[in-house]
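Structure first, commentary second.
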Amino acid sequence: MSDFTNAFARRTRLRGGDELTAILAGSPPGVLSMTGGFPNPATFPTDELDEIAARLVREDAAVALQYTPCAGIASVREYLIDRQEQLQGRRPEPADLIVTSGGMECIALMCQALIDPGDTIAVEAPTYLGALMAFGGAEADAVAIATDDDGLRVDALAARLAAGLRPKFLYTIPEYQNPTGRTLPLDRRRELVDLCRRHGVLIFEDIAYRELSFDGTSLPSLWSLAPDVVLQAGTFSKSFFPGVRLGWAAGPPDVVAELAAAKQNTDQCAGGLGQRLVEEYGRAGGFERHLPAARALYASHWAALSAALTRHMPAEVDWAEPTGGFLTWLTLPEELDTLAMRPAAIAAGVGYVPGPPFYVGDNGRNALRLSFSHLTETELETAVERLATVVRRALERAKVGVP
Ligand SMILES: Cc1ncc(COP(=O)(O)O)c(C=O)c1O
């Protein structure tokens with residue numbers, strides 16, 4: 001067998017260790033996995049999609065099956081512009097919005113368009129692992145800004161900016177954050193956009209879970225508050241289905257133009273069939289019909305997980321109380337190590353994501369992320385029972401000094 005490792009780019013070694021690859025690879029059979037931020041397939045509107053997809057192939061093949069303009073099919077962009085206005089109370093100009101192949105592509109385009117090796121960016125601590133990996137691959141120097149129960153600590157960012165920090169952008173997930181499930185309150189949103197505007201810092205707002213509040217309400221997006229300093233990445237992966245690989249970027253037109261130029265060097269356009277599916281489904285009122293049931297399902301799953309955590313977890317364990325999305329974040333006593341505990345958890349039949357991969361540097365050892373989107377409510381109960389047993393055992397070992 002030839003060995004091509006010498007041919008691999010240096011950045012392939014920046015991606016994190018085998019541990020991370022093992023975590024992302026999924027869980028063995030029999031393990032109740034609370035790892036992935038996957039939407040529940042019960043929320044996929046298959047019947048309607050069946051009809052729309054067949055119709056598009058039959059009647060619209062010349063558009064839906066063809067290459068599309070890099071920024072997206074004109075009618076799809078028009079639909080997305082209408083939708084932002086309807087959902088966020090502000091209408092983007094045509095030059096303010098492009099269609100992307102999902103939220104992750106927008107992160108990759110931001111890396112290509114804005115980051116030179118060694119550039120400083122700011123991220124929440126903790127933050128979305130996929131974004132951290134992309135920023136690492138682009139050789140950004142990611143500076144971690146502290147968070148608390150209300151998300152990003154704007155005062156901590158203000159202190160860093162006052163001390164001379166000049167990031168190319170601040171990456172933030174304001175609602176139902178990945179990995180913590182927390183949401184930035186309105187006063188902090190206003191403070192954040194004012195602060196960044198004063199310092200000329202671009203905010204990169206990732207709204208992956210925004211449409212999945214449990215009660216259907218939402219706070220103003222950062223982009224709607226300050227379109228001059230916010231580049232927003234949206235995706236249909238959580239609210240529709242990830243197989244469509246579709247999202248959008250909205251923000252200052254000069255930034256959006258650079259993202260479109262970067263997209264010319266990647267996939268050149270998002271898939272036309274997915275674009276037209278979203279448009280047809282959306283224009284027919286599909287999201288309004290479908291999202292209330294999806295929200296109710298995730299709210300009910302969270303209620304089941306929350307009750308199970310309360311019932312089974314030792315008193316020393318704390319967790320975030322999300323008001324939407326798929327995720328919660330557990331904080332265990334300092335002496336526990338969630339990376340070291342993972343094999344015992346897998347052996348006990350439960351999967352979680354340990355805290356450290358969500359941080360720049362070596363933090364989050366005593367934290368872990370749970371997703372409640374995918375398992376049934378009965379499975380969530382069993383999974384938490386198993387996890388609580390593993391945590392209790394680890395606590396006992398820590399008390400008697402066994403590593
Ligand atoms: C915060 C956040 N942003 C972006 C993404 C990626 O979204 P997409 O599937 O649209 O690439 C995810 C997926 O888990 C996410 O959690």
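Per residue, the accessible area of segment 1-111 comes to 58 Å², computed with a 1.4 Å probe over protein heavy atoms only. Note on residue 374: accessible area approximately 80 square angstrom, rounded to 10, probe 1.4 Å, nucleic acids and ligands left out. Here the chain is treated with +1 on each Lys and Arg Cβ and -1 on each Asp and Glu Cβ, and its dipole about the Cα centre works out to around 460 debye.
A simple rule links phi to the HN-Hα coupling: the Karplus curve 6.51 cos²θ - 1.76 cosθ + 1.60 with θ = phi - 60°, which for segment 60-67 gives 9, 4, 4, 9, 5, 9, 9, 4 Hz, with x for Gly and Pro. If you wrap the tightest convex hull around every Cα atom of segment 209-298 and split its volume per residue, you get 103 Å³. Largest mean-square fluctuation among 243, 137, 349, in a Gaussian network model of the chain whose springs join Cα atoms under 10 Å apart, belongs to 243.
Taking 0.36 nm per residue of separation and subtracting the Cα-Cα distance, what length does fully extending residue 42 through residue 58 add? Intermediate values should be presented prior to the final figure.
On the way: separation 16, 0.36 × 16 = 5.76 nm, distance 2.70 nm.
Computed gain between residue 42 and residue 58 is 3.1 nm.
Counting only other residues whose beta carbon sits under 10 Å from that of residue 239, what net charge do I get with K and R as +1, D and E as -1? With Lys, Arg at +1 and Asp, Glu at -1, the net is +2.
A P(r) calculated from all alpha carbon pairs of segment 227-382, with 5 Å bins opening at zero, reads 2, 7, 12, 15, 14, 13, 13, 11, 8, 4, 1 percent. Note on segment 85-137: Cα-only Rg and Dmax are 13.8, 39 Å.
If I stretch the segment between residue 165 and residue 315 completely, what's the gain in nm (0.36 nm per residue apart, minus their alpha carbon distance), one decimal? If you can, show how the numbers build up before the last one.
On the way: separation 150, 0.36 × 150 = 54.00 nm, distance 3.94 nm.
Difference between extended and current length: 50.1 nm.
The string of couplings for segment 214-227 from the Karplus curve (6.51, -1.76, 1.60, θ = phi - 60°) is 5, 9, x, 8, 8, 7, x, 5, 4, 4, 5, 7, 8, x Hz, one whole number per residue in order, with x for Gly and Pro. Close amide H contacts of residue 170 (hydrogens built in the peptide plane, cut-off under 5 Å, sequence separation of 5 or more or a different chain): 122, 202, 203, 204. Rounded, prolate or oblate: which fits segment 324-403 when a ≥ b ≥ c are the square roots of the eigenvalues of the alpha-carbon gyration tensor, with rounded for a/c under 1.5 and prolate only if a/b beats b/c? Cα axes put segment 324-403 in the oblate bin. For segment 106-219, with all protein chains in place and a probe radius of 1.4 Å, 48% of the accessible heavy-atom surface sits on carbon or sulfur. Please list, by residue number, everything in segment 160-202 whose backbone N is under 12 Å from a paramagnetic label point 7 Å out along Cα→Cβ of residue 146. It comes to 160, nothing else. Annotation: amide H-H contacts under 5 Å for residue 141 (H modelled 1.01 Å from N, sequence separation of 5 or more, or interchain): 118, 119, 120, 121. Test of understanding: in a Gaussian network model of the chain with alpha carbons linked when under 10 Å, which of 178, 366, 265 would top the mean-square fluctuation ranking? Greatest mean-square fluctuation among the candidates belongs to 265.
Extension gain, residue 339 to residue 379: 0.36 nm times the residue separation minus the Cα-Cα distance gives 12.1 nm. Length, then width, then depth: along the principal axes, the Cα atoms of segment 162-260 run 41, 32, 22 Å. Distances between placed amide hydrogens fall under 5 Å for residue 100 paired with 247, 248, 249, all partners being 5 or more residues away or on another chain.
Based on alpha carbons, the Rg and Dmax found for segment 108-165 are 12.0, 33 Å. About the centre of its Cα atoms, segment 262-350 shows a dipole size close to 520 debye [charges on the beta carbon of Lys, Arg (+1) and Asp, Glu (-1) only; nearest 20 debye].
When the chain is described by a simple charge dipole with +1 on each Lys and Arg Cβ and -1 on each Asp and Glu Cβ, the residue from 99, 305, 75 located farthest towards its positive end is 305.
Pairwise alpha-carbon distances in segment 44-139 exceed 23 Å for 49% of all pairs.
Dimensions of the chain based on its C-alpha atoms, expressed as ranges along the principal axes with the largest first, amount to 67, 59, 53 Å.
Just so you know, the Rg over Rh for segment 121-212 is 0.93, from Cα atoms, with Rh as the Kirkwood radius.
The values are calculated or read from the model by the stated rules, or taken from the named source; none is laboratory data. Please read all numbers here as calculations on a predicted model, not as lab measurements. Here Cβ is always computed from backbone atoms with ideal geometry, including for glycine, and neighbour counts include all displayed protein chains. Heavy atoms of the whole protein, side chains included, go into the accessibility calculation; ligands, DNA and RNA do not. Shrake-Rupley method; radii C 1.70, N 1.55, O 1.52, S 1.80 Å.
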